[in-house]
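All of the numbers you see were taken from the coordinates with simple rules; none came from a lab. These numbers were taken from a predicted model, which means no experiment stands behind them. Cβ placement follows ideal geometry from the backbone for every residue including glycine, while neighbour counts extend to all protein chains displayed.
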Amino acid sequence: MPRISGGELGSRRVRSPKGPNVRPTAGRVKESLFSILLPRIEGAAFLDLYSGTGAIGVEAASRGAARVVCVEAQRETAHAIEAMVRDFGIAKVVSVVASPVDRALYRLEGPFDLVYADPPYADAVPLTLFRLLLERRLLADDALVIYEHAAKRILPEIPGYRTVREEVYGDVALAFFATSSAPA
């Protein structure tokens, strides 16, 4: 069972819904991610797309994000995240949207400082997601978009973005993007 690794909720267990639709981010990857994000997380608006267990979004809240939105298409899984958020007493910070990501992006209000996207590895790179983040003006000027994917996948150029960092942890990779217009 995954755990929250840091912040005020550190060591709390995250119940993972059963089934093939949920693939929790490995603890080592999550800890590395939040070590990288540490200088940016306090007070940030954080968007967790393809939330699964909700562990990434809840971790962001635990570490000081001011606003977290978790988007999960599977209703049962989204309800499990909502229950965890209530149990942890963080409902004022974390909200859950039970909707496919592409639809949710039309309903969300930005800007977000940090966006984490962890779609199913077998899916194509979600270029529509990246496009909608820009078109809907959901990103802060200096936002980072973190895309988790299989390490063996070669990412295409993503219009409107530039890669600022890449990390590989065994079979998992994290690609960090800034918008092309963001300061270098």
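Computed values, structure above
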quantity: LEU155-THR128 pseudo-label distance in nm [points 7 Å out on the Cα-to-Cβ vector]; calculated: 2.0
quantity: Among 36-49, 142-155, the order from most to least packed when residues are scored by Cβ within 10 Å on average; calculated: 36-49, 142-155
quantity: Segment ASP141-ALA83, length gained on full extension (0.36 nm per residue, minus Cα span); calculated: 17.6 nm
quantity: Ranked list, fewest to most other Cβ atoms within 10 Å of each Cβ, for SER180, SER95; calculated: SER180, SER95
quantity: Packing-based exposure ordering (other Cβ within 10 Å, fewest first) of TYR161, TYR121; calculated: TYR121, TYR161
quantity: Charge sum, other residues only, whose C-beta stays under 13 Å from LEU174's C-beta, Lys/Arg counted +1 and Asp/Glu -1; calculated: -2
quantity: Anisotropy class of segment 100-170 from Cα gyration tensor, a/c 1.5 cut; calculated: prolate
quantity: Added length on full extension, which subtracts the Cα-Cα distance from 0.36 nm per residue, ILE36 to GLU76; calculated: 11.3 nm
quantity: Shape call, segment 46-184: gyration tensor on alpha carbons, a/c limit 1.5; calculated: prolate
quantity: Neighbour-count ranking [beta-carbon atoms within 10 angstrom, fewest first] of PHE88, PHE177; calculated: PHE88, PHE177
